[in-house]
Amino acid sequence: MNRTGLLHVHRGRLAGKHRLEEDMPNGSPRVLVVDDDVKLVGLLARSLRFEGFDVVCANTADAALAVLREREPDLVLLDIGMPERDGIGVLRETRRVSDVAVVMLTARDEVQDKVGALDLGADDYVAKPFDIDELVARMRAVLRRRGKPALDRLSYGDVRLDLGRREADRDGQPLALTATEFDVLAHLLRYPRQVHSRQALHRAVWGYDSDSDSNVVDVHVGHLRRKLGDPPLIHTVRGVGFTLRGQP
């Protein structure tokens with residue numbers, strides 16, 4: 001997955017639409033992403049869902065305000081440069097009805113824009129292009145300041161992952177995982193006891209569909225099994241894929 005340069009995408013439009021993601025982990029912070037750039041919203045949504053957030057998307061001010069009323073997100077990522085009503089206008093209307101955490105996104109890096117957004121009650125301000133890892137870290141910091149769950153740690157049984165530090169251990173013993181192995185294990189930990197097809201797991205971790213004859217998922221899962229040791233946690237579901245559970 002390309003995790004930087006999220007500003008540099010083709011600009012599209014899907015006026016008045018928003019989309020809900022199903023089957024997110026219990027307790028996931030709900031994030032509303034508001035931007036008229038449909039492709040950028042899609043990239044952000046994919047990355048944030050991979051990080052464990054429950055993501056709702058809106059491409060217009062009206063759709064964003066409707067989602068605010070209906071879904072009560074924990075945090076809003078709000079683009080400042082939308083047509084018709086810009087992000088500052090949406091922020092002003094939001095503050096009339098909600099104290100939800102707001103992080104502003106913009107291609108403009110003028111001091112007056114930052115001051116205006118912060119004065120209206122924005123919690124943070126991120127200029128495009130940005131690194132998704134920095135954005136996620138800022139979001140988690142805002143959620144922690146607001147007393148909301150930041151979902152920066154995952155656990156199942158005696159396995160624990162610290163997403164911020166990219167550290168993993170089992171029964172207190174550190175696990176020496178590669179970056180890809182860490183991402184595969186994180187995805188399985190977010191959805192324990194669910195069955196993941198090889199294609200779905202490849203899409204979630206690598207960001208695109210794999211070739212039908214590719215065994216890259218099996219290779220990384222095999223490495224993970226050896227490093228996790230016994231009792232086994234990752235099990236093969238014949239003809240389907242893999243699942244994380246305590247007993248085979």
Compute the distance in nm between two label points, each set 7 Å from the Cα along the Cα-to-Cβ direction, one at R96 and one at R170.
5.6 nm
Can you tell me the alpha carbon radius of gyration of segment 18-145 divided by the globular rule-of-thumb value 2.2 N^0.38 Å?
0.95
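How much length, in nm to one decimal, is gained on full extension between D119 and R145, taken as 0.36 nm per residue of separation minus their Cα-Cα distance? Show your work: numbers first, answer last.
Values: separation 26, 0.36 × 26 = 9.36 nm, distance 1.78 nm.
Gain on extension, D119 to R145, equals 7.6 nm.
Restricting attention to segment 165-211, which trypsin sites (Lys or Arg not before Pro) occupy a DSSP loop and are surrounded by at most 15 other Cβ atoms within 10 Å? Don't skip to the end; give the middle numbers.
Working: sites: R165, R166, R170, R190, R193, R198, R203; in loops: R165, R166, R193.
Passing sites in segment 165-211 are R165, R166, R193.
Here, each number is a calculation from the coordinates, and none is a lab measurement. No experiment lies behind these values; they were computed from the predicted model shown. Positions of Cβ are generated from backbone atoms using ideal geometry, with glycine treated the same way; all protein chains shown enter the neighbour counts.
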